[in-house]
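Colleague: The following block contains the structure, expressed as structure tokens.
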Amino acid sequence: MELLKAPALTRRLVASESFDSHDAFGHGIFQKKTMLLLIISVFVLNSQARVIKLIAGDVDHWCRPPPNYNMSATIWTKEFIPVEADGKPSRCLFYKYHPDFNHTELTACQEWEYDASTAGRTIVSYWNLVCHRRVLLVAALAVQSSGGVLCIAAGPIADYVGRAPVIRVVAGLLVISTVANCFVTSYAIYVTVRFFTACFANVNGVLCALILFEITTHDNRPRHIIIAGAIGLFIADVWFPIFTLIHLNWVWKQALYLSPAFLSLSTYFVVQESPRWLISQGNYNAAENVMLEGARLNGFPLPNTACLLKRLREQECDINLGCLSDQKRALDDCPLLRPRTSS
């Protein structure tokens, strides 16, 4: 009787979790396809999180003489570059020029020159992220990491419009933002795009895990999510060191390193809406299509799936009529489900 008094949405939420996927469409290819999506999403997410570290390698640098310092490189180095405590020339300071040759006033470098053999491999030389400007590199990492905060907003949206539409849109945006990262030349725009790319990668991973959780049998839920996550992390841990050994311009290295993001587009061909979400919305016809497709892929008896759907529909009908029937009576037409449900 308490269920009768509950709001309709609450009753449907209870109905959506009232069965095990083992009884609905079994276990097999249907779940493994989504498990593969989770592996890809974890791999892509981890790669996106480490890309700045990959292309922000250190590079030898030194102060460039100001435009009004008309002198040879030898004089500039010997007379205007101070020596640090370790005996090496300073890379961030120089002596300010005075006409009386009293060069003792230190000032910070505003421009730098870089080792030409490695300068093209890193964004450090491209945006002068050295000395007092190194904080900009830390800021880029912080902004990218904060992109995951927007996952909070993705949850209610996925609950409102469905898991599949959101994950498809996010996968497309993830690819678009990843491509954009390879073409921007402004530091501010690059960091902004990195923020949204990190957001899309996080949402993609969370929703893949959510869909896998909702379609997997109760016994396999923790195991499959942990295994998929571990495989994705392992692939990412192998992928990253390979690129640390490749000496390319940072733009090309970034493009190749992030190219697996295109695998996220497989969601358009693989992912299906969660039948539990469809049932929670009262959309039994769409849930039936997904569950029957899952049963066919898994080689699960279609009559069993049909019986479970019949029970859920009868329960919804009885609740709407205000006379919730006993669950055992609803199962009388589904003998194959009775032993597992009664246990």
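Colleague: Summing +1 for each Lys or Arg and -1 for each Asp or Glu, what net charge is found among the other residues whose Cβ lies under 10 Å from the Cβ of Pro66?
Modeller: Working: positive: Arg64, Lys96; negative: Glu111.
So the environment of Pro66 carries a net charge of +1.
Colleague: Note down the nm distance, to one decimal, between modelled labels 7 Å out along Cα→Cβ at Ile152 and at Arg223.
Modeller: Reported label-point gap for Ile152 and Arg223 is 3.6 nm.
Colleague: Follow-up question, since we're still on this one. Based on the Kirkwood radius over alpha-carbon pairs, what value in µm²/s does the Stokes-Einstein equation return for the translational diffusion coefficient of the stretch 97-191 at 37 °C and 0.692 mPa s? Before the final figure, lay out each step's value.
Modeller: On the way: Rh = 17.4 Å.
Estimated diffusion coefficient is 189 µm²/s.
Colleague: Let me ask you something else. What are the residues whose amide H is under 5 Å from the amide H of Leu93, where those residues sit 5 or more places off or on another chain and H is modelled from the backbone?
Modeller: Cys109
Colleague: Next question. Would you please give the FRET efficiency between Lys310 and Val135, computed as 1/(1 + (r/R0)^6) with r the Cβ-Cβ distance and R0 = 51 Å, to the nearest 0.05?
Modeller: On the way: r = 64 Å, r/R0 = 1.25.
Once rounded, the FRET efficiency stands at 0.20.
Colleague: May I ask for the net charge around Arg50, where only other residues with Cβ less than 15 Å from the Cβ of Arg50 are counted and Lys, Arg are +1 while Asp, Glu are -1?
Modeller: On the way: positive: Lys53, Arg194, Lys253; negative: Asp237.
Value of the local net charge: +2.
Colleague: Can you work out the FRET efficiency for the pair Leu248 and Val161, with r the C-beta to C-beta distance and R0 = 45 Å, to the nearest 0.05? Don't jump to the answer; show the numbers that get you there.
Modeller: Working: r = 41 Å, r/R0 = 0.91.
Calculated transfer efficiency: 0.65.
Colleague: Kindly flag which residue pairs out of Lys53/Lys88; Lys32/Lys310; Lys33/Lys53 have an alpha-carbon separation exceeding 29 Å in this structure. Numbers along the way, then the final one.
Modeller: Values: Lys53/Lys88 26 Å; Lys32/Lys310 26 Å; Lys33/Lys53 32 Å.
As for pairs spanning more than 29 Å Cα to Cα, those are Lys33/Lys53.
Colleague: In what order do Ser41, Ser145 fall by count of nearby beta-carbon atoms within 10 Å, going from fewest to most? Can you show the working numbers first?
Modeller: Details: Ser41 31, Ser145 15.
Least to most surrounded, the residues fall as Ser145, Ser41.
Every number in this text was worked out from the coordinates using simple rules, so none of it is lab data. What you are looking at is a predicted structure, and each value in this text was computed from that prediction instead of being measured. No Cβ is skipped: glycine too gets one built from the backbone with ideal geometry, and neighbour counts run over all protein chains shown.
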